[in-house]
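Taking it in order: structure first as C-alpha cells, then the write-up.
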Number of protein chains: 2
Amino acid sequence: MNLVPRFAFSIATTDGAARTGTIAMQRGTIRTPAFMPVGTAATVKAMRTDEVRASGADIVLGNTYHLMLRPTAERVAALGGLHHFMQWPHPILTDSGGYQVMSLSSLRKLTEEGVAFASHLDGSRHMITPERSMEIQRLLGSDIVMAFDECTPYPCSKAETETSMQLSMRWAVRSRQGFDSGRDHAGRSALFGIVQGGMHADLRQQSASALIDVGFDGYAVGGLAVGEGQGLMFEVLDYTLPMLPTDKPRYLMGVGKPDDIVGAVLRGIDMFDCVLPTRSGRNGQAFTCDGPLNIRNAKHKDDTRPLDTVCTCPVCTRYTRAYVHHLVRSGEMLGAMLMTEHNLYFYQILMAGLRQAIAAGCVQDFAAVFLKRYSGGAHEFIAD
Amino acid sequence: MNLVPRFAFSIATTDGAARTGTIAMQRGTIRTPAFMPVGTAATVKAMRTDEVRASGADIVLGNTYHLMLRPTAERVAALGGLHHFMQWPHPILTDSGGYQVMSLSSLRKLTEEGVAFASHLDGSRHMITPERSMEIQRLLGSDIVMAFDECTPYPCSKAETETSMQLSMRWAVRSRQGFDSGRDHAGRSALFGIVQGGMHADLRQQSASALIDVGFDGYAVGGLAVGEGQGLMFEVLDYTLPMLPTDKPRYLMGVGKPDDIVGAVLRGIDMFDCVLPTRSGRNGQAFTCDGPLNIRNAKHKDDTRPLDTVCTCPVCTRYTRAYVHHLVRSGEMLGAMLMTEHNLYFYQILMAGLRQAIAAGCVQDFAAVFLKRYSGGAHEFIAD
C-alpha cells in the first residue's frame, strides 16, 4: 500500500486571491505557486537535471509534439519512460501537443477526429486525436497529463472562438475517457482540463462549466500569452479564475515574464511554464531584480559585478558580468549554460519569494516592491 | 613564509622509461603523467570548472593567442587574473601563442624580432615577440609558462628545420630573460623550454643541449603530432627523451589519441594536452575501452548500455547511449556537455590507470591489456 496520494492539492494559506500550498504526487511534491522549466526534447536546454533540481524546480514540462516525433513515445516507453530516459525522477507535466502542432508542423488538417499534420523534422505524416494524445502521454509516463485541445488563433472573431472552444470541450470529454481507459494513468497520473474562450467572458464561463461537469484534477487557462498584452491577459484572469473550483490547481500555460507571473499569482494562479528563462538565457538576456540585462552589450566587458547584484545563485556567487560577457561574445557553450542556470534560479527564487509572502500575508507588498525595482531597471530586452 | 615550493618535480616510481610522481606548485599539485584539458578561451568548452576538476584534472591549458585577442591579457589582469576570471583555482599552463599564430592568424610576417599578424577575429594587427609572450602569460597569471618558439611546418627540409630550430633557440634565451625580468614570475610560476628539430636526431640534440644550457623548469617536445604518424612520433621520442634531464618534467605538446598517450608514457613523457576529448565529444565521438564510438550512428538509438560499458563516470552511471544519441541527433547542447564530460573522464581515468600501473611496476602489462581491447573495438572514428 502506497501512502502517498495520486494527486492531493492542499492550500496552506491564502492572501487575497493568491494561494500557496502543495500538490503531493507519487514522484514528489510540487510547491505552489510553481514555475515549471520547459524540457521540450527530454532536456531542459543546456542544463543537467541535477542543476534544474538544485535551482528549486519541483516539476518540469515535456512537449508531446517533439517527443512523439523524436525519439517517439514508443521508444521512450521501451527505454523505461521519460523520467528514467532523462534522469529526472520528480514529477513531469506533458502538454497535449495541441499548441506545437499548430505552431510547428505543416500541411495541417483539422477535423472533428483530431489534427493530421506533417512533421517539421522530416515531413512524415502523423495524426493527434484526444485518444492518441492520452496514449502518448501515458507512454511517456507523464505525471500531469493535459487534455488535447485546439489552440485558438489570436486575434479571432467571437464566432470562430466559440466554434474552437466547443470543439475543445468535446475533445476534453474524449481526453477524459481516453485517460481513464489507460492502464497506467489511474494509479499515478493526473489529468488537467484547459479553459478556452479567448477574450470573451461568456465563452470562458461556458468552457469552465463544461470542464467542471467532466471533472479534472486541475484547470489550465489556455489561449492567453498569445499577443493580447498583459492588461487584457489580467482582465481575462480576473473574470475566469472565479469560475473555477478553489480547491483545484490553476495553471496559466506559457506564461511568462516575471511581472506577468507576479500579477497572475496575485489573481490566484498556482502553476506556470515558460521558455523565457531558458531561451532568452541562450540569447544573452539575463533576468535581474533591476530588469532584464543584455549581457552582449559592450558596457559589461569590464564589469566585475555578478549578473544580478542581489542574486545568490551559483553563477552570481562565482562569475562576473565581464566573464559571462566574454563567453557569450565568444560563442562559448558555457555562456549559454551559465545564463540559463542564472535565469532558472531567478525564476525559482521569485516563486519562493511569492510563496513566502503569501504565507506571511504580505504578497501585495512583496509584489509592489518587486515590480517597482524590476520595472525601474535598465530593461535591455532582446527580441525572441 | 610559504612552505609550498614554487615548482618541485618529484618522481615517486619508475617502471622502465615510464615515471610517475608529482609537480608541487603553489596553486596545487599535479599528478604525473598528467593530461591537461584545453581551455582555449578561458573555458574548457561545454564544461563547468567544478566538473573539470571532478574528472581528475589537476591543471588545464589556456591559449595565449586567443586570450590576448579576446578579452585581452590586460583585461584578464585587471579582472583579477585568469584563475579568478574562469574560476579555476588550480594550476594553469599557458602556451606561448606560437602555434596558434601560425595556424589561425593571417598576414603573418616572421622576423628575428617575432611574428606580426592579423587577428582571425577582426583583422586587427598584433605582434608577438618572446618578450611580449612572457608579458602576456604573466598578465594572465599562468603557473606554467611556455617559451615562445616558431612552429616548424611539416613536412619541411632539414635546412629549413634547422633554421627554424635555431631561431626558436634564440627566442628561448629571450623568453628566459623576459620571464626572469617579470615581476610576478619569479615567485610562483615556472618556465618550460621546447625542444624542436623536427624528425632529425642531430637537430633534436642541438636543440636539447641549447635549452639545457639556458636552464628550464621543464622541457616540452614540440613539432610532433603534426601529421608524421604515430610510428615516427614514437621514434623521435625514443631518441629525444634521453637527451633531456631525468629530473625535470617532459611535456608532449598537442598529444593525443589514447594509444598515443599510452605509448608516450611508456617512453617517459610526464605531461600531455589535447583538444581531442573535448572537440571530438562535441562532434559526437565518445572514447571507450573498446575504441571510439560515433554516438550519431542509428544503431545506438535503442541501446540501453552506457557510452562505455566499464566506465564509472557520472555520464555512464546515469545515461544510456539511446539518450545521448537522441540529444546529439536533436542538436541539444546537453549532448555536447555529456559527451565532453565522459571523454574527459575517460582520459583522466586512463592517466590514473597509467600512474597506478607505473607505481605497481606493471605498466607494460597495463598498456598491453589496454591497447589490445582499445584497438580491437569498433573504432567509429569521426573526422575532426
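When B:ARG329, B:ARG282 are checked against the criterion of being within 25 Å of B:VAL262 (Cβ to Cβ) and within 9 Å of another protein chain (Cβ to nearest Cβ), B:ARG282 stands alone in meeting it.
When region A:233-252 is filtered for residues that are part of a strand (DSSP E or B) and free of Cβ contacts under 8 Å to residues at least 40 places away in the same chain, the ones remaining, listed by number, are A:ARG250, A:LEU252. Scanning region B:92-108 for residues that are surrounded by 20 or more Cβ atoms within 10 Å (Cβ to Cβ) and either among the acidic types (Asp, Glu) or touching a strand residue (DSSP E or B) at 6+ places or on another chain (Cβ under 9 Å) (or both) gives B:ILE92, B:LEU93, B:THR94, B:ASP95, B:SER96, B:GLY97, B:GLY98, B:VAL101, B:SER105. Restricting attention to region B:360-376, the residues being of a type in the set (S, T, N, Q) and out of contact with any strand residue (DSSP E or B) (no Cβ under 9 Å at 6 or more places or on another chain) number 1. In this structure, does B:GLU162 turn out to be crowded, with 17+ Cβ neighbours inside 10 Å and more than 22 Å from the chain's Cα centre (by Cα)? Against the criterion (crowded, with 17+ Cβ neighbours inside 10 Å and more than 22 Å from the chain's Cα centre (by Cα)), B:GLU162 qualifies. Taken as a whole, the condition of being buried (at least 24 other Cβ atoms within 10 Å of the Cβ) and among the small types (Gly, Ala, Ser) applies to B:ALA147.
One residue stands out among those in region B:176-212 that are under 27 Å from B:LEU139 (Cα atoms) and assigned to a loop (DSSP other than H, G, I, E, B): the one that is farthest from the chain's Cα centre (by Cα), which is B:ARG183.
Assess whether B:ASP58 counts as being free of Cβ contacts under 8 Å to residues at least 60 places away in the same chain and either more than 24 Å from B:VAL255 (Cβ to Cβ) or over 18 Å from the mean Cα position of the chain (by Cα) (or both). When the stated conditions are applied, B:ASP58 does not pass them. Given the conditions (1) closer than 19 Å to A:VAL60 by Cβ; (2) of a type outside the set (D, E, K, R); (3) more than 15 Å from the chain's Cα centre (by Cα), and given that A:GLY215 satisfies all but one, which numbered condition is not satisfied? Result: A:GLY215 fails condition (1) only. If you go through region A:287-316 and keep only what is free of Cβ contacts under 8 Å to residues at least 60 places away in the same chain and hydrophobic (A, V, I, L, M, F, W, C), you end up with A:ILE295, A:ALA298, A:LEU307, A:VAL310, A:CYS311, A:VAL315, A:CYS316. Taking residues in region A:183-201 that are in the same structural domain as A:ASP247 (by TED's automatic domain parsing) and of a type in the set (Val, Ile, Thr), and partners anywhere that are modelled with pLDDT of 95 or more and part of a strand (DSSP E or B), the pairs with Cβ atoms closer than 7 Å and at least 6 places apart or on different chains are A:ILE194/A:MET146; A:ILE194/A:ALA220; A:VAL195/A:TYR219; A:VAL195/A:ALA220; A:VAL195/A:VAL221. The number of residues in region B:253-270 being in contact with a Lys or Arg (Cβ under 7 Å, 6 or more places away or on another chain) and either part of a strand (DSSP E or B) or not small (Gly, Ala, Ser) (or both) comes to 2.
Condition check ((1) farther than 18 Å from A:ARG321 by Cβ; (2) modelled with pLDDT under 95; (3) in contact with a Gly (Cβ under 6 Å, 6 or more places away or on another chain)) across all residues:
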position: B:PRO37; (1), (2), (3): yes, no, no
position: B:VAL44; (1), (2), (3): yes, no, no
position: B:MET47; (1), (2), (3): yes, no, no
position: B:ALA57; (1), (2), (3): yes, no, no
position: B:VAL60; (1), (2), (3): yes, no, yes
position: B:TYR65; (1), (2), (3): yes, no, yes
position: B:LEU69; (1), (2), (3): yes, no, no
position: B:THR72; (1), (2), (3): no, no, no
position: B:LEU82; (1), (2), (3): no, no, yes
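How many residues does region B:285-326 contain that are within 14 Å of chain A (Cβ to nearest Cβ) and of a type in the set (S, T, N, Q)? Residues flagged as within 14 Å of chain A (Cβ to nearest Cβ) and of a type in the set (S, T, N, Q) within region B:285-326 amount to 3. A:LEU327 meets all of the listed conditions (1) in contact with a helix residue (DSSP H, G or I) (Cβ under 8 Å, 6 or more places away or on another chain); (2) buried (at least 22 other Cβ atoms within 10 Å of the Cβ); (3) under 22 Å from A:MET253 (Cα atoms) but one, namely (3).
Scanning region A:229-266 for residues that are of a type in the set (Val, Ile, Thr) and under 16 Å from A:TYR374 (Cα atoms) turns up A:ILE261, A:VAL262. With the structure loaded, tell me whether B:ALA172 is buried (at least 24 other Cβ atoms within 10 Å of the Cβ), in contact with a Leu (Cβ under 9 Å, 6 or more places away or on another chain) and either in a helix (DSSP H, G or I) or aliphatic (A, V, I, L, M) (or both) or whether it fails that test. So B:ALA172 passes the test.
For (1) modelled with pLDDT of 95 or more; (2) surrounded by fewer than 15 Cβ atoms within 10 Å (Cβ to Cβ), each residue gets a yes or a no:
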{"position": "A:PRO314", "(1), (2)": "yes, no"}
{"position": "A:GLN356", "(1), (2)": "yes, yes"}
{"position": "A:ALA368", "(1), (2)": "yes, yes"}
{"position": "A:GLY376", "(1), (2)": "no, yes"}
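The values are calculated or read from the model by the stated rules, or taken from the named source; none is laboratory data. Being a predicted model, the structure only gives us computed values, none of them experimental. Every residue, glycine as well, gets a Cβ built from its backbone with ideal geometry; the counts of neighbours run over all protein chains shown.
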